[in-house]
Amino acid sequence: MVEAGRDSEQDPARAGTDAGGAGGQAASRALFERALAVTPGGVNSPVRAFNGVGGTPRFITSAAGARLTDADGHEYVDLIGSWGPMLLGHAHPEVVAAVTAAAARGTSYGTPTVPELELAEEIVARTPVERVRLVSSGTEATMSAIRLARGFTGRDVVVKFAGCYHGHVDALLASAGSGLATFAHSGSPGVPESAAGETVVLPYNDRDAVTAAFAEHGPRIACLITEAAAGNMGVVPPDPGFNRFLSETCAAHGALFVTDEVMTGFRASARGYWGIDGAVEGWTPDLMTFGKVMGGGFPAAAFGGRADIMARLSPDGPVYQAGTLSGNPVATTAGLTTLRLATPEVYEHVAKAGEIVKQEASAALSAAGVPHHVQSAGTMFSVFFREGPVRDFDDASGQDLTAYAAFFHAMLDAGVHLPPSAYEAWFLSAAHDDAALETIAAALPGAARAAARAAGTGVRG
Ligand SMILES: Cc1ncc(COP(=O)(O)O)c(C=O)c1O
Ligand SMILES: N[C@H](C=O)CCC(=O)O
């Protein structure tokens, strides 16, 4: 095994240029060159590219527990967590065994199966949804929820918040947070005016803007969709009472309240962000969306909600929605096994590890004089490279992206793989043990000094 750690004191000018050292990334570089020849940007989802931080993405060849191994044999403590799903860590033996056994029984039948039934039961047991439909991605879940909301209400307008990402659904791809922020697009070519034109985008945590939008468009609003706690502009929790206010405003205008828990679901807590907000404050979304953790690292996602709304869905009702691989037996086995293994101890461990990493990151950045702010939503957290609380996307956009790029590369050199974007959560898992936390702790001071050298020298978001 080759150690990833080298040169965490690199010159900030080298940040974003594979500061890891000549020769150390030969295999990843060669693979990336091949990928560029056959795949746009060399990646199958834009945030995987290093466009926001510069350099060559590492090709990961295996992962176990809290660690990733790349094609050059370097090992990294993983803080990407596949962008959220890997709550238990990579290649959890019981998940691997269950998935292997499921695959041996056949990988897809196109008929109802037991694992999909049991996964649906598990979701209904943990959340306020009464009926749930399984799909294959978070994007499909939000797209379907929006269609159902429109079909149920007979209205067209959708309200969303700037900086909240709900997948690459046409109607929701306006001011959509991390990927688009990292790539400096304001929306996306290819999304027709007719699709985006029915979307109202408001500043997050802004009650006045919500009140004004409903006053103007109320009778045309089918639904308001929000991340239960925003995680795609960095972690920005709703102000106390904000989600309840949204729920009440929707109800007052006959619109549906849709909470997107694709990221927070079964991650922020065992019952998602709803478990620490709605369950406490006494509000219930009309529809919810889920993904990531409930797929256990496989393509599985879901949307669900009130029985009378879900009854409008085909085959019971007229709103069409379908999928050849929806409820796939291997994917649902992975998700079901993951949820069953996600005990209170798992959430306690992830929370405790998060507290340690947050405290150490903040201490290192403070010692180096780097402006920063740490925010959390349940067990999720992120570090903003700017001073002061972040309440909305404008605040999040005030980050020093050059400082983050230098920090990211120094961490990578020291064997810690952060998300290659300043607008993402740092994901921990039950597998982040003392040794993994020590690697992170050892990497932070040098990375903070690299960020300090780069701070203020370049791009602000
Ligand atoms: C809150 C939220 N909603 C929806 C999505 C879309 O999910 P997917 O990438 O599985 O399509 C994501 C992440 O990608 C997300 O974080
Ligand atoms: N921020 C995105 C979702 O949470 C990252 C995942 C992706 O789009 O690849």
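Values as computed for the structure displayed
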quantity: Any hit, region 79-86, residues being within 27 Å of Thr324 (Cβ to Cβ), aromatic (Phe, Trp, Tyr) and crowded, with 16+ Cβ neighbours inside 10 Å; calculated: yes
quantity: Odd one out for Gly398, checked against (1) within 21 Å of the chain's Cα centre (by Cα); (2) buried (at least 18 other Cβ atoms within 10 Å of the Cβ); calculated: (2)
quantity: Condition met for Lys358 (under 21 Å from Asn232 (Cβ atoms) and assigned to a helix (DSSP H, G or I)); calculated: yes
quantity: Members of region 40-65 that are touching a helix residue (DSSP H, G or I) at 6+ places or on another chain (Cβ under 7 Å), in contact (Cβ under 8 Å) with a residue 60 or more places away in the chain and over 18 Å from His90 (Cα atoms); calculated: Pro46, Val47, Ala49, Asn51, Gly52, Val53, Gly54, Gly55, Pro57
quantity: Members of region 132-180 that are within 13 Å of ligand 2 (Cβ to nearest atom), at pLDDT 90 or above and assigned to a helix (DSSP H, G or I); calculated: Gly138, Thr139, Ala141, Thr142
quantity: Matching residues in region 276-328 - criterion: being farther than 26 Å from Trp83 by Cα and among the basic types (Lys, Arg); calculated: Arg306, Arg312
quantity: Hits in region 80-112 (condition: more than 16 Å from ligand 1 (Cβ to nearest atom), within 27 Å of Thr264 (Cβ to Cβ) and assigned to a loop (DSSP other than H, G, I, E, B)); calculated: Leu88, Gly89, Ala91, His92
quantity: Neighbours by Cβ (under 6 Å, 6+ apart or cross-chain): first from region 318-342, assigned to a helix (DSSP H, G or I); second among the β-branched types (Val, Ile, Thr) and surrounded by fewer than 18 Cβ atoms within 10 Å (Cβ to Cβ); calculated: Val330/Thr107
quantity: Ser362, sole failed condition from (1) closer than 25 Å to Val293 by Cα; (2) away from ligand 2 (no atom under 16 Å from the Cβ); (3) in contact (Cβ under 8 Å) with a residue 12 or more places away in the chain; calculated: (1)
quantity: Sole residue being of a type in the set (Gly, Ala, Ser) and in contact with a Gly (Cβ under 6 Å, 6 or more places away or on another chain), chosen from Gly89, Gly106, Gly151, Gly110; calculated: Gly89
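The values are calculated or read from the model by the stated rules, or taken from the named source; none is laboratory data. Source: prediction; values computed, not measured. Here Cβ is always computed from backbone atoms with ideal geometry, including for glycine, and neighbour counts include all displayed protein chains.
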